[in-house]
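Quick one: structure below, then a few questions.
The values are calculated or read from the model by the stated rules, or taken from the named source; none is laboratory data. Just so it is clear, the structure is predicted and the values come from calculations on it, not from any experiment. Cβ sites come from the backbone with ideal geometry, for glycine too, and all protein chains shown count toward neighbours.
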Amino acid sequence: MTSSKNLPFVLLTFSVLLGLILPALIQDGMFMDGQQYACVAKNLAHNKGTFWFPYLSQTWSMGGSNSFMEQPPLVYWLQSLFFRLFGDSMYVERFYSLVIAVLNAFIIMGIWKNIPFEDKEIQKTSWLPVLFWILIPTCYWSYNNNMLENTMGLFTSSAVYLILKGIQSQKNSVILFILGGISVFLASLSKGIPGLFPLATLFFYGLLFPKQISLPKAIGKSILIFAIPVIIYLLLMLYPPAHDSLVFYVTKRLLYRVNNNPTVSSRFYILGGILEEMIPLIVLCLLIVLPLRRKYPDIKYTQALFKQSLFFLLLALSASVPLLLTPVQKKFYMHPSFAFFGIAIAILCAPYVNEWIQRNLNSQKTLRNFSIVSAIILMLTISVSFTQKGKASRDKDMLHDVYIVGNIIKPDSIITLHKSMKDIWTLQFYLLRYYNISCTFPDQNHYYFLEEKTLSKPDTSVYKKMDLDLKEFDLYRRK
């Protein structure tokens, strides 16, 4: 009966999740990084490039390589499976992002059910941490834009889930720890070093809950988990393509960006980013706890509850604060930490939420009606989201021009852009994603030349302007 009391809230939580993610995924337009990753995955599905040396475009070159080596390759390969199954529609990468979001939601629910709450009824409110997690602005933004951190976050959440299961298991702990280590490896092969933070799980657990597992034993088990990705990488280094790919990524791209391409002026940027992202969670927690605390004065926070919240807070910080070590910082880099920030704050609300549910959903009729309303809201959320089909969530005028240009120029062509447009990556990736049109810049003048309307005209003795209904750009062709 108690579990069924939470069903309406499960439906409402997934309504919120879909309401924050699905409308943007239905619409056209995407942040340039997500477009770029989709291009690489689509190419891989068409046998352009290989797992260890992915391919972006005919004109891509970075760090002395024409392969796309900006990140480890696992996510491209996983997403390429969706392209193989569903074709090249713009919705393929969006469907992939939605699947990853839903899977991560279920993993978070699984983690919650493995927290040893003193009141076991609280475990049945597993929708609560999902709600707190998805309300983090950069969390749902990342799913809207096909970021690599989404998949890495799924593997890091899975690693923590498996490790927590291993702590509680009497018979299968070693197997679960090994699986946790494999998940850590997969996370690191998705986005590199940031995927390693679940290795701290057992240390924090032994530190806070020594009665369940002593700190020395926790450290010993952590070494076992750490050994798994180490062994896998050592074996991969014996395979020449993997060796060359990983060495190139670390030496030519990762270390180069850290040393030469800072994205922030202060290393403390990420601390402000954490506080900013946590505002919706803190506000929601206060809106829940303050009125219910007055209503249920008998409920008191226990030391165990504070420790459980602190444990997940430490995990979240271990996934985000290390960004202080590098000047290359963006808020979406913290995405894998959001699940644990959400759980940490949800724990503080859970006793009050659970008490409210137990006292107010006692009638079968009330519960049934609430469930029906929640199901209707979920269906309405999905229906309204699909009304956004055909619209653009961003870059509306640019996309208008891309479709016109793409229908004129043959697929797999190369087009010249004005030299001042090198940093308009969004345009370049739209052309590449939808039409396989690669972009280059003078002095490589191809048959077609594209430039912003505000720029000076190209050599009129060479190029003639085409009479097209373009909004942001002008297209020229050779005479």
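Considering only residues that are free of Cβ contacts under 8 Å to residues at least 60 places away in the same chain and among the β-branched types (Val, Ile, Thr), which ones fall in the range 23-51?
Answer for the range 23-51, where residues must be free of Cβ contacts under 8 Å to residues at least 60 places away in the same chain and among the β-branched types (Val, Ile, Thr): just VAL40.
Name the residue that is nearest to VAL321 (Cα to Cα), counting only residues in the range 227-236 that are free of Cβ contacts under 8 Å to residues at least 24 places away in the same chain and of a type in the set (Val, Ile, Thr).
In this case the residue turns out to be VAL230.
For the condition at pLDDT below 95 and under 27 Å from GLY34 (Cβ atoms), what is the one hit in ASP459, ASP443, ASP423? Break it down into steps so the answer makes sense when it comes.
On the way: ASP459 fails: under 27 Å from GLY34 (Cβ atoms); ASP443 fails: under 27 Å from GLY34 (Cβ atoms).
Answer to the selection: ASP423.
On to the next question. Taking only pairs six or more apart or across chains, which ones have beta-carbon atoms under 8 Å, a first residue in the range 78-92 that is within 15 Å of TYR434 (Cα to Cα), and a second residue that is among the charged types (D, E, K, R) and surrounded by 14 or more Cβ atoms within 10 Å (Cβ to Cβ)?
PHE83/LYS42; ASP88/LYS42; MET90/ASP28; MET90/ARG433; VAL92/LYS42
Still on this structure, please answer the following. Looking only at the range 327-374, filter to residues that are in a loop (DSSP other than H, G, I, E, B) and within 20 Å of the chain's Cα centre (by Cα); which one of those is nearest to THR138 (Cα to Cα)?
Within the range 327-374, the subset in a loop (DSSP other than H, G, I, E, B) is 327-330, 361-363.
So of that shortlist, the ones also within 20 Å of the chain's Cα centre (by Cα) come out as 328-330.
Numbers: VAL328: 17, GLN329: 14, LYS330: 10 Å.
Out of the qualifying residues, it is LYS330.
Could you grab me the full set of residues in the range 152-187 that are surrounded by 23 or more Cβ atoms within 10 Å (Cβ to Cβ) and not hydrophobic (A, V, I, L, M, F, W, C)?
Hits for the range 152-187 are GLY153, THR156, SER157, SER158, TYR161, GLY166, GLY180, GLY181, SER183.
Please tell me if ILE382 is surrounded by 13 or more Cβ atoms within 10 Å (Cβ to Cβ) and within 19 Å of ASP298 (Cα to Cα).
Working: surrounded by 13 or more Cβ atoms within 10 Å (Cβ to Cβ): yes; within 19 Å of ASP298 (Cα to Cα): no.
In short, no.
Just the residues that are in contact (Cβ under 8 Å) with a residue 40 or more places away in the chain and loosely packed, with under 14 Cβ neighbours inside 10 Å, please, taken from the range 397-407.
If the condition is that a residue be in contact (Cβ under 8 Å) with a residue 40 or more places away in the chain and loosely packed, with under 14 Cβ neighbours inside 10 Å, then ASP397 is the only one that fits.
Continuing with the same structure: Hey, can you tell me all the residues within the range 149-172 that are without any contact (Cβ under 8 Å) to a residue 24 or more places away in the chain and either assigned to a helix (DSSP H, G or I) or of a type in the set (Ser, Thr, Tyr) (or both)?
Let us first name the residues in the range 149-172 that are without any contact (Cβ under 8 Å) to a residue 24 or more places away in the chain, namely 162, 169-172.
Selection gives LEU162, SER169.
Please identify the pairs in which a residue from the range 237-263 that is exposed (fewer than 15 other Cβ atoms within 10 Å of the Cβ) has its Cβ atom under 7 Å from the Cβ atom of a residue that is charged (D, E, K, R), counting only partners at least 6 apart or on another chain.
Once the first residue is exposed (fewer than 15 other Cβ atoms within 10 Å of the Cβ) and sits in the range 237-263, its partners that are charged (D, E, K, R) give THR263/LYS330.
Please go through the range 432-445 and give me each residue that is buried (at least 16 other Cβ atoms within 10 Å of the Cβ) and not basic (Lys, Arg), ordered by number.
First, the residues of the range 432-445 that are buried (at least 16 other Cβ atoms within 10 Å of the Cβ): 432-440.
Those that are buried (at least 16 other Cβ atoms within 10 Å of the Cβ) and not basic (Lys, Arg): LEU432, TYR434, TYR435, ASN436, ILE437, SER438, CYS439, THR440.
Search the range 418-431 for residues being crowded, with 22+ Cβ neighbours inside 10 Å and among the aliphatic types (A, V, I, L, M), and hand back the single one that is farthest from TYR55 (Cα to Cα). If you could, list the steps in order and put the result at the bottom.
Start the filter on the range 418-431 by keeping residues that are crowded, with 22+ Cβ neighbours inside 10 Å, which leaves 427-431.
So of that shortlist, the ones also among the aliphatic types (A, V, I, L, M) come out as 427, 431.
Working: LEU427: 18, LEU431: 15 Å.
Once the filter is applied, the top-ranked residue is LEU427.
If only one of SER57, SER15 is out of contact with any strand residue (DSSP E or B) (no Cβ under 7 Å at 6 or more places or on another chain) and of a type in the set (S, T, N, Q), which one is it? Show your work before the answer.
On the way: SER57 fails: out of contact with any strand residue (DSSP E or B) (no Cβ under 7 Å at 6 or more places or on another chain).
Matching residue, one of SER57, SER15: SER15.
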